[in-house]
Each structure stands twice: as C-alpha cells, then as structure tokens.
Amino acid sequence: MHTPSTSEHARGTRLSAGRRRRLGVILAGLALAATAVAYSADDASAAKACKPGARNVIVMISDGMGYNQMLAGDYFQYGATGEQTYQQFPVRTAMSTYSVYGSYDPLAAWGLFDYAKNAPTDSASAATAMSTGVKNQDGVIGIDVNGKPLYHVAQRAEVLKKSTGVVTSVEWSHATPAGFVAHNASRNNYAAIANEMINDSGTDVIMGAGSPLFDDHGTPLATPTQYKYVGGVETWNALVNGTAGGDADGDGDPDPWKLIQSKLQFKRLACAKKTPARVCGTARSATTLQQSRGGNAMAAPYTVPMNANVPDLATMTKGALNVLDANRKGFLLMVEGGAVDWAGHANQPGRTIEEQVDFNEAVEAVCRWVRRNSSWDETLVIVTGDHETGYLWGPGSGADATGKGTWLPLVNNGEDAVPAMQFNSGDHTNSLIPLFAKGDGARQLRAAARKVDPVRGKYLDNTAIAETIFSVMR
Ligand SMILES: [Zn+2]
C-alpha cells in the first residue's frame with residue numbers, strides 16, 4: 001500500500017484545492033444554474049407528493065463549528081466561501097443550540113460581547129436534542145430532566161427496519177455518537193456507554209478512534225491500560241474474537257460485530273462488493289484520528305506530520321455508507337467531525353482548519369454517494385454543528401469598557417493560508433451556528449426556521465432536527 005509522506009499529503013491537499021478552485025471558477029455560473037434547477041425540482045416533487053419523505057437520513061455534525069470555523073476552512077481550502085457543495089444546498093439557515101435551562105436572545109447576543117459565553121450547551125445535551133427532539137441537561141446522554149430514557153431517531157429507524165450507524169473522528173463512545181445511540185446519566189461513563197452501543201443497541205456501524213492499543217500518535221502501546229472507550233477489556237476481547245454483539249435485528253440470534261482497525265481495512269470497506277452486516281471500526285489512535293497528535297499544535301495546517309496509520313473521516317464515511325446501503329429499507333447515519341471542538345478549546349488555528357477540512361471532505365463524499373448511489377428524492381442530508389467552540393472572530397474583536405461588543409470578520413489570506421483570526425474563549429459559546437439541508441424532507445427544516453436573528457437571519461432550534469427526521473423518515 002502506498003502511504004503518502006507528510007509533504008506529499010500537504011502537496012496533495014494544495015493541488016486538489018487548486019483544482020477545485022479552478023473548476024469552481026469555471027463552473028461558478030453553471031453551479032448557480034444547477035442550484036436553481038435542483039431547487040425547483042425539489043419543489044416540484046414536493047408538490048406531487050402529499051408529504052415529504054426520506055428513506056435515508058444522513059446527519060453531518062462538525063463538533064464546535066460556528067460560522068467562523070466554517071469560514072476558516074473555506075478560506076484555507078478555496079480562498080473563498082460558498083464553494084463547498086453543502087453551502088449550495090437549498091436550505092441554509094441558522095440554529096440555536098442551548099440546553100434545557102438555557103435560552104438565546106438575539107438582541108442581547110449582538111449587544112454584549114460576553115453574552116455568548118454564558119450558559120452554552122455541551123456536546124451531550126446538544127446531541128441528545130438533535131437525536132431525540134428533547135432538550136436535557138449538559139453531560140447527560142439520552143435521558144430527560146426527570147430521568148426518563150429518551151427515544152432516539154435511530155431507534156425509530158430500527159423500528160422501520162432500517163440500518164443505523166455513527167461515525168466520528170474522536171472516540172466512538174464520545175458524547176456526540178453516544179448521544180445518537182445510548183442512554184446514560186453521564187457522558188463520562190465511557191465503558192458503560194460503549195457496552196450499550198455494542199451489546200444492547202441495534203446499531204450496525206460504529207466507527208471512530210479510542211483504540212486501547214495505540215497512543216495519540218498512532219504508536220503501539222507496550223502495555224495497553226485504557227480500555228474504557230471500547231467498553232473495557234472484556235468487551236474489547238469479544239470484539240477482537242468476533243463474538244461481541246447482541247441481537248440487533250430481533251430475530252433471536254446474536255448479530256456479532258466485525259472489528260476493523262487498520263487503515264487498509266477501512267479503505268477496503270469503502271469499496272468492497274460484499275460487506276459485513278455490522279462493523280465496528282476502531283482506528284489505530286487513542287483519542288482523535290489527528291488533532292491530538294504530537295508536534296507543534298499551533299503550527300500551520302499539515303506542517304506537522306499526520307498520523308499515517310489511520311483513515312480520514314471521508315474514508316470512514318464511505319465505508320459506513322457501503323455497509324448501510326445494503327439494506328433496501330434505507331438507513332440513518334450520523335457522521336461527526338469531532339475535533340474542531342478540541343482544537344477550539346485549545347485555540348489552535350491550524351488544527352481547527354485541518355479538522356474542518358477533514359469534515360468538509362466527508363460531506364463531499366456523502367454528496368457524491370447521493371448522486372451516484374441514491375438521489376435527493378430519497379435521501380435527506382443535514383450538515384451542521386452542535387455548538388460553537390472558542391468564540392472565533394477576526395482580530396480586534398472584543399468588548400469595550402461597557403461590555404458592548406465589536407465583532408470583526410476573519411481576514412482571508414487566500415488559498416492554503418491561515419486567515420487572520422482570534423479566539424475569544426477556550427470554551428463553548430451560545431452563538432448561533434449554521435445548518436444546511438438538502439433532500440425531500442429538507443423543506444420541513446426551512447419551515448421550522450421561524451425566529452429571526454438580526455445578523456444570522458432566520459433560525460431554528462436544534463430540536464427541529466429530530467422533529468424533522470421523526471416526521472419525514474419512512
Ligand atoms: Zn467541547
């Protein structure tokens with residue numbers, strides 16, 4: 001297998017970005033026309049059908065992505081914004097993300113600079129809201145404020161005999177994938193969450209990092225000690241032996257997981273003719289695929305050698321789609337770019353961009369899959385975040401003596417360059433974040449965006465994602 005060196009990786013990234021930009025320039029007018037055509041085709045088919053419907057639902061979440069994390073990735077990849085396929089989806093709106101005891105006041109948010117730093121959501125409650133339609137407390141996975149287990153859209157998909165999956169670039173038992181599958185009083189109970197996902201859920205694809213056998217740089221550990229992200233040593237051994245897994249389809253027989261770990265196995269799964277019924281992909285890294293690797297974490301994107309023995313999020317996503325699309329009744333898939341958030345907490349410009357670009361490429365892979373293997377009449381794709389992390393704005397942004405805010409834009413330094421930008425927090429914020437959707441059910445999301453923000457325009461709440469999926473998935 002050819003493993004590109006870091007310099008090759010960097011060059012490859014630049015070349016492909018350049019190619020895409022040139023293509024983008026050539027096709028700019030055409031793309032506008034194509035968007036208009038897709039838009040009216042959507043409306044026409046919607047008018048024909050009594051109700052919108054989606055056989056397949058794919059939710060793409062860049063954890064920690066606000067408008068400016070997205071913009072930073074856009075400027076680095078293309079030297080411009082609006083070039084991502086999802087940025088031309090017919091539904092483009094904003095989303096509020098606060099958890100059960102929170103709120104969002106648009107006028108206060110654009111009055112006082114520090115408003116956004118108060119009472120932001122965490123990833124557990126955000127994922128629970130998007131997966132169940134019910135807001136709960138931070139840190140809690142799939143359980144409401146009264147301690148009642150909540151019903152995930154994935155559970156509804158399983159009732160409809162669909163396949164389900166979760167994919168992430170961080171540990172696969174981390175808050176966002178857990179928030180679409182599991183029920184637990186604390187997101188920190190990784191082993192219990194992992195065991196629910198592996199042994200009790202009907203999920204068919206689980207992928208991410210969290211390997212007990214490797215460190216964050218993808219180096220094998222002499223003596224592995226950390227098995228919690230994969231459910232403990234017993235569950236891990238059962239995964240390795242091919243005996244882990246409960247009765248996912250309810251026919252009375254166990255449905256064991258196929259464990260894959262090597263980069264080659266992920267690549268092969270992405271293009272295999274025949275796929276296993278259930279796949280647990282545990283990539284060879286401890287916490288993240290790339291973000292937590294060594295080297296200067298403040299360096300420009302791709303200048304520190306990438307972990308070479310793990311797949312990227314796009315390859316994982318293609319493998320997941322290849323497994324799930326074997327089910328003729330359709331599927332529900334959640335894909336998380338998990339580490340824009342981690343780079344935001346650490347105020348790392350370069351790694352924020354690396355992680356956002358990795359997420360963008362996974363979305364492009366999903367859009368290609370829809371065009372080649374499905375259609376926008378039967379597949380709904382939602383692209384969003386779960387909350388903003390780092391309060392990222394342009395240089396010079398901040399509060400004056402009275403607390404009044406000035407929000408300055410990121411400064412575009414062109415393709416392959418880090419834009420000038422400034423983190424104003426090491427934590428999550430209550431800022432509105434972007435949401436894009438396409439597919440027959442997408443118009444329901446547009447209808448849900450009823451509130452208006454003076455800067456971001458119309459916005460919906462994160463609970464509208466689950467409400468829409470429950471309503472249109474069939
Ligand atoms: Zn976070």
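The values are calculated or read from the model by the stated rules, or taken from the named source; none is laboratory data. The shown structure was predicted, so the numbers you read here are calculated from the model rather than taken from an experiment. Because the Cβ atoms are built from the backbone with ideal geometry, glycine has one as well, and the counts that use them run over all protein chains shown.
When M130 is tested against the conditions (1) within 16 Å of the ligand (Cβ to nearest atom); (2) closer than 18 Å to A466 by Cα; (3) outside any helix (DSSP H, G or I); (4) of a type outside the set (F, W, Y), the lone failure is (3). Is at least one residue of segment 399-413 away from the ligand (no atom under 16 Å from the Cβ) and within 12 Å of the chain's Cα centre (by Cα)? No.
For segment 458-469, check the following and say yes or no: at least one residue is acidic (D, E), surrounded by 14 or more Cβ atoms within 10 Å (Cβ to Cβ), closer than 26 Å to D138 by Cα and away from the ligand (no atom under 16 Å from the Cβ). Taking every residue of segment 458-469 in turn, at least one turns out to be acidic (D, E), surrounded by 14 or more Cβ atoms within 10 Å (Cβ to Cβ), closer than 26 Å to D138 by Cα and away from the ligand (no atom under 16 Å from the Cβ).
Would you say A417 is more than 21 Å from the chain's Cα centre (by Cα) and without any contact (Cβ under 8 Å) to a residue 60 or more places away in the chain? When the stated conditions are applied, A417 does not pass them. Residues in segment 141-166 that are at positive phi and within 14 Å of the chain's Cα centre (by Cα): there are none.
Can you pull out every residue in segment 90-123 that is within 16 Å of the ligand (Cβ to nearest atom) and surrounded by 17 or more Cβ atoms within 10 Å (Cβ to Cβ)? Passing the criteria: T97, Y98, S99, A116, P120, T121, D122, S123.
Listed here are the residues, each with its yes/no results for (1) over 20 Å from V323 (Cβ atoms); (2) crowded, with 20+ Cβ neighbours inside 10 Å; (3) out of contact with any Ser or Thr (no Cβ under 9 Å at 6 or more places or on another chain).
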| site | (1), (2), (3) |
| --- | --- |
| A175 | yes, yes, no |
| V181 | no, yes, no |
| Y190 | yes, yes, no |
| S201 | no, yes, no |
| D216 | yes, no, no |
| G232 | yes, no, yes |
| L239 | no, yes, no |
| G242 | no, no, yes |
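Close contacts from segment 219-247, counting a first residue that is farther than 13 Å from A194 by Cα and a second that is among the aromatic types (F, W, Y) and at pLDDT 95 or above, with Cβ to Cβ under 8 Å and a gap of 6+ residues or different chains, come to P220/F214; L221/F214; G242/W257. Filtered by the rule that a residue be touching a helix residue (DSSP H, G or I) at 6+ places or on another chain (Cβ under 7 Å) and either of a type outside the set (D, E, K, R) or free of Cβ contacts under 8 Å to residues at least 40 places away in the same chain (or both), segment 198-213 gives I198, G202, T203, V205, I206, M207, G208, G210, P212. Checking segment 107-116 against the condition returns no match, with no residue being touching an Asp or Glu at 6+ places or on another chain (Cβ under 7 Å) and modelled with pLDDT of 95 or more.
For segment 366-387, filtered to residues that are more than 11 Å from the chain's Cα centre (by Cα), not in a helix (DSSP H, G or I) and not β-branched (V, I, T), the residue that is nearest to the ligand (Cβ to nearest atom) is H387. For segment 310-336, name all the residues that are within 16 Å of the ligand (Cβ to nearest atom) and of a type outside the set (D, E, K, R). Listed by number, the list is empty, since nothing qualifies. Please count how many residues of segment 167-183 are farther than 17 Å from S99 by Cα, under 12 Å from the mean Cα position of the chain (by Cα) and aliphatic (A, V, I, L, M). The qualifying residues number 2. Residues that are basic (K, R) and either in contact with a His (Cβ under 8 Å, 6 or more places away or on another chain) or in a loop (DSSP other than H, G, I, E, B) (or both) were ranked within segment 287-329; the one that is nearest to K263 (Cα to Cα) is R293.
Residue count for segment 58-87 satisfying the condition of being touching a Leu at 6+ places or on another chain (Cβ under 9 Å), without any contact (Cβ under 8 Å) to a residue 40 or more places away in the chain and not β-branched (V, I, T): 0. Any idea which residue in segment 337-365 is nearest to the ligand (Cβ to nearest atom), counting only those that are buried (at least 24 other Cβ atoms within 10 Å of the Cβ) and β-branched (V, I, T)? Among residues in segment 337-365 that are buried (at least 24 other Cβ atoms within 10 Å of the Cβ) and β-branched (V, I, T), the one nearest to the ligand (Cβ to nearest atom) is V340.
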